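Enquirer: Starting off with a structure, shown below.
The values are calculated or read from the model by the stated rules, or taken from the named source; none is laboratory data. Small disclaimer: the values here were computed from a predicted structure and weren't measured. All Cβ positions, glycine included, derive from the backbone under ideal geometry; neighbour counts span all protein chains shown.
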Amino acid sequence: MKGIIEYVKKQRSELILLEQRFNTFIESTTDQMNKLESLVRIYTKEPFFEVFLPNNLKVTYIALKSLDGNATASMVSEKTKRQRAVESHYLSLMVVMGLLNKERIGRKVFYYIIKKEGVK
């Protein structure tokens, strides 16, 4: 019985140590994410963020912007002369990056430029 109690105490202390390591990892990750989010906020303000986009995304973004900031992938592909699937992929990437929103209307997906605060 005494051996079982010692084993449980040892397991408990190891779990406490593991919890401390996990909490340290979470704090570190949270700090890194906060820094990254602040950088994203800085570099996604128009017109500055366009400079930091890769050229393929930049062309897509500018085409969408020329279409009054909302369009389907097909509409963008007509502007850029690239395949619709390519534009759809690039637009989806920019949704994940937080630059665009998308909305499905029937069978079509419309992409919208997100207006940043303080930006005209």
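Enquirer: For segment 48-106, list the helices (runs of 4 or more DSSP H) that sit wholly inside it and hold at least 3 residues that are of a type in the set (A, V, I, L, M); which are they?
Expert: Correct list: 55-66, 73-80, 84-96.
Enquirer: Starting from segment 52-80, take each residue that is closer than 10 Å to PHE110 by Cβ and list its partners that are β-branched (Val, Ile, Thr) and surrounded by fewer than 16 Cβ atoms within 10 Å (Cβ to Cβ), counting only C-beta distances under 9 angstrom and pairs at least six apart or across chains.
Expert: These pairs meet every condition: ALA73/VAL86.
Enquirer: Regarding GLU37, is this residue at pLDDT below 95 and in a helix (DSSP H, G or I)?
Expert: Working: at pLDDT below 95: yes; in a helix (DSSP H, G or I): yes.
So GLU37 fits the description; yes.
Enquirer: Could I ask something else about it? Name the residues in segment 1-28 that are modelled with pLDDT under 90 and polar (S, T, N, Q), would you?
Expert: Once the filter is applied, which keeps residues that are modelled with pLDDT under 90 and polar (S, T, N, Q), segment 1-28 yields ASN23, THR24, SER28.
Enquirer: Among the residues of segment 63-78, count how many are in contact with a Ser or Thr (Cβ under 9 Å, 6 or more places away or on another chain) and among the aliphatic types (A, V, I, L, M).
Expert: 3
Enquirer: Oh, and also: Exactly one of (1) loosely packed, with under 14 Cβ neighbours inside 10 Å; (2) small (Gly, Ala, Ser); (3) closer than 17 Å to GLU103 by Cα is unmet by SER66. Its number?
Expert: So the condition that SER66 fails would be (3).
Enquirer: Please work out if LYS79 is surrounded by 15 or more Cβ atoms within 10 Å (Cβ to Cβ) and basic (Lys, Arg). Give the derivation first.
Expert: Values: surrounded by 15 or more Cβ atoms within 10 Å (Cβ to Cβ): yes; basic (Lys, Arg): yes.
Yes.
Enquirer: Does GLU50 satisfy being among the acidic types (Asp, Glu) and either modelled with pLDDT of 85 or more or surrounded by 13 or more Cβ atoms within 10 Å (Cβ to Cβ) (or both)?
Expert: Values: among the acidic types (Asp, Glu): yes; either modelled with pLDDT of 85 or more or surrounded by 13 or more Cβ atoms within 10 Å (Cβ to Cβ) (or both): yes.
In short, yes.
Enquirer: In the list TYR112, TYR61, which residue meets the criterion of being buried (at least 18 other Cβ atoms within 10 Å of the Cβ) and within 18 Å of the chain's Cα centre (by Cα)? Walk me through it before giving the result.
Expert: Values: TYR112 fails: buried (at least 18 other Cβ atoms within 10 Å of the Cβ).
So the residue among TYR112, TYR61 that is buried (at least 18 other Cβ atoms within 10 Å of the Cβ) and within 18 Å of the chain's Cα centre (by Cα) is TYR61.
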